[in-house]
Amino acid sequence: MISVSINGEVRQFDNPISVATLLEQMQLTGKRIALERNGQILPRGQFNQQLLADGDRLEIVVAVGGG
Amino acid sequence: MNKDTLLIAGKSYNSRLLIGTGKYKDFTETQAAVEVSGAEIITIAIRRSNIGQNPNEPNLLDILPPSKYTLLPNTAGCYSADDAVRTLRLARELLDGHSLVKLEVLGDPQSLYPNVVETLAAAKTLVADGFQVMVYTSDDPIIAKQLEDIGCVAIMPLASLIGSGMGILNPWNLQLIMDRVQVPVIVDAGVGTASDAAIAMELGCHGVLMNTAIAAAQQPVLMASAMKLAVEAGRMAFLAGRMPKKFYSASPSSPTSGLIN
């Protein structure tokens with residue numbers, strides 16, 4: 001069991017799934033997002049290889065209206 | 001006559017009106033306002049996605065595609081250089097390496113006045129990291145010059161506080177800035193209505209960036225249209241060169257001879 005913080009919300013997973021799998025579960029595959037893992041940008045091309053680890057902090061952002 | 005375009009970081013724009021996409025009723029209104037404003041550079045914000053909400057809800061980038069507009073991600077809500085840099089790195093990833101950004105580092109949540117110390121620090125980091133930085137700042141001409149020296153591609157002083165609609169409070173400082181920097185000077189924040197935008201342009205500013213003045217109008221789309229015309233009129237008046245102000249003219253417009261006695 002691993003715990004991962006996603007946008008400040010803690011979630012638990014039975015196995016260390018990949019970032020790509022996580023996004024698929026969240027129905028975010030192919031959406032216009034950017035992702036930061038433990039304070040570092042995670043390029044889209046690495047979503048498949050990167051496995052989540054216990055204690056990871058993810059930030060998933062989108063574009064919204066703003067001045 | 002050469003086409004009068006706004007040149008920012010080597011790219012020409014026909015419109016000198018830049019608009020924000022916040023505070024609109026819905027995406028339909030946002031899209032309509034952007035369309036009629038004629039703006040080519042559109043600011044957006046970067047925020048956490050809503051986990052667990054409908055993943056099929058419309059995305060701002062679907063109605064304002066980066067292929068059609070120059071999207072300018074901002075750092076609204078950032079109060080430190082670190083937060084601003086972090087936000088814009090995420091924005092660059094989100095927009096596939098797009099490097100033109102709007103930096104703003106705020107000083108306090110009530111006034112939203114810029115913190116120029118943090119702004120200078122963030123600008124240095126961003127420029128070194130390859131960003132093309134359009135920077136929101138106070139109307140201090142010395143800070144404006146320092147931001148240009150760091151390598152910012154446009155200086156964007158406030159005309160009055162963000163969202164205040166108070167108009168151009170200190171035209172003399174804007175003039176001091178324009179006298180000192182070579183990059184475009186774009187009034188960002190404070191415009192309330194069309195005449196404010198026209199005044200900024202008549203002063204010789206290279207462009208105007210606004211959001212609330214349009215979004216908070218009773219009829220935002222109509223105001224977007226008014227702002228387009230105001231910016232164009234102000235720019236033309238600047239290029240035409242206004243007549244000098246005189247307390248008494250002693251020079252009527254009609255002939256002084258040939259009067260019927």
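Table for the structure above
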item: Options B:SER49, B:SER67: the member that is within 28 Å of A:MET26 (Cβ to Cβ), within 12 Å of another protein chain (Cβ to nearest Cβ) and not hydrophobic (A, V, I, L, M, F, W, C); result: B:SER49
item: Residue check, A:SER3 within 11 Å of the chain's Cα centre (by Cα) and among the small types (Gly, Ala, Ser); result: no
item: Verdict on B:LEU222 being within 23 Å of B:CYS205 (Cα to Cα) and under 24 Å from the mean Cα position of the chain (by Cα); result: no
item: Residues (over 28 Å from B:ALA33 (Cα atoms) and either within 14 Å of chain B (Cβ to nearest Cβ) or assigned to a loop (DSSP other than H, G, I, E, B) (or both)) located in the range A:51-67; result: A:LEU52, A:ALA53, A:ASP54, A:GLY55, A:ASP56, A:ARG57, A:LEU58, A:GLU59, A:ILE60
item: Selection count where residues are more than 10 Å from chain B (Cβ to nearest Cβ) and part of a strand (DSSP E or B), scope the range A:2-50; result: 9
item: Residue among B:THR70, B:THR21 that is surrounded by 22 or more Cβ atoms within 10 Å (Cβ to Cβ) and among the hydroxyl-bearing types (Ser, Thr, Tyr); result: B:THR21
item: The range B:112-152, residues that are of a type in the set (Gly, Ala, Ser) and not in a helix (DSSP H, G or I); result: B:GLY130, B:SER138, B:GLY151
item: Residues that are within 14 Å of chain A (Cβ to nearest Cβ) and either more than 17 Å from B:GLY167 (Cα to Cα) or in contact (Cβ under 8 Å) with a residue 60 or more places away in the chain (or both), drawn from the range B:210-248; result: B:MET210, B:ASN211, B:THR212, B:ILE214, B:ALA215, B:ALA216, B:PRO220, B:ALA224, B:MET227
item: Inter-residue pairs, beta-carbon under 6 Å, first buried (at least 20 other Cβ atoms within 10 Å of the Cβ) and in the range A:44-63, second in a helix (DSSP H, G or I), 6+ apart; result: A:VAL61/B:LEU90; A:ALA63/B:LEU60; A:ALA63/B:LEU61
item: Every residue from the range B:41-75 that is at pLDDT 95 or above, part of a loop (DSSP other than H, G, I, E, B) and either of a type in the set (Phe, Trp, Tyr) or out of contact with any helix residue (DSSP H, G or I) (no Cβ under 6 Å at 6 or more places or on another chain) (or both); result: B:TYR69, B:ASN74
item: Selected residue (only one of B:THR119, B:THR30 is surrounded by 16 or more Cβ atoms within 10 Å (Cβ to Cβ), within 12 Å of another protein chain (Cβ to nearest Cβ) and over 26 Å from A:ILE6 (Cα atoms)); result: B:THR30
item: Every residue from the range B:201-215 that is in contact with a helix residue (DSSP H, G or I) (Cβ under 8 Å, 6 or more places away or on another chain), outside any loop (DSSP other than H, G, I, E, B) and buried (at least 24 other Cβ atoms within 10 Å of the Cβ); result: B:MET201, B:GLY207, B:VAL208, B:MET210, B:ALA213, B:ILE214
item: Every residue from the range B:216-251 that is part of a loop (DSSP other than H, G, I, E, B) and among the polar types (S, T, N, Q); result: B:GLN218, B:GLN219, B:SER249, B:SER251
item: Filter pass, B:GLY234 being under 30 Å from B:ALA81 (Cα atoms) and within 16 Å of the chain's Cα centre (by Cα); result: no
item: Number of the exception - B:SER99 against (1) in contact with a Lys or Arg (Cβ under 7 Å, 6 or more places away or on another chain); (2) within 9 Å of another protein chain (Cβ to nearest Cβ); result: (2)
item: Within the range B:150-164, tally of residues that are of a type outside the set (Val, Ile, Thr), closer than 18 Å to B:LEU7 by Cα and either surrounded by fewer than 24 Cβ atoms within 10 Å (Cβ to Cβ) or out of contact with any Leu (no Cβ under 7 Å at 6 or more places or on another chain) (or both); result: 3
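The values are calculated or read from the model by the stated rules, or taken from the named source; none is laboratory data. Quantities reported herein were computed from a predicted structural model and do not represent experimental measurements. In this analysis, Cβ positions are derived from the backbone assuming ideal geometry, glycine residues included, and neighbour counts consider all displayed protein chains.
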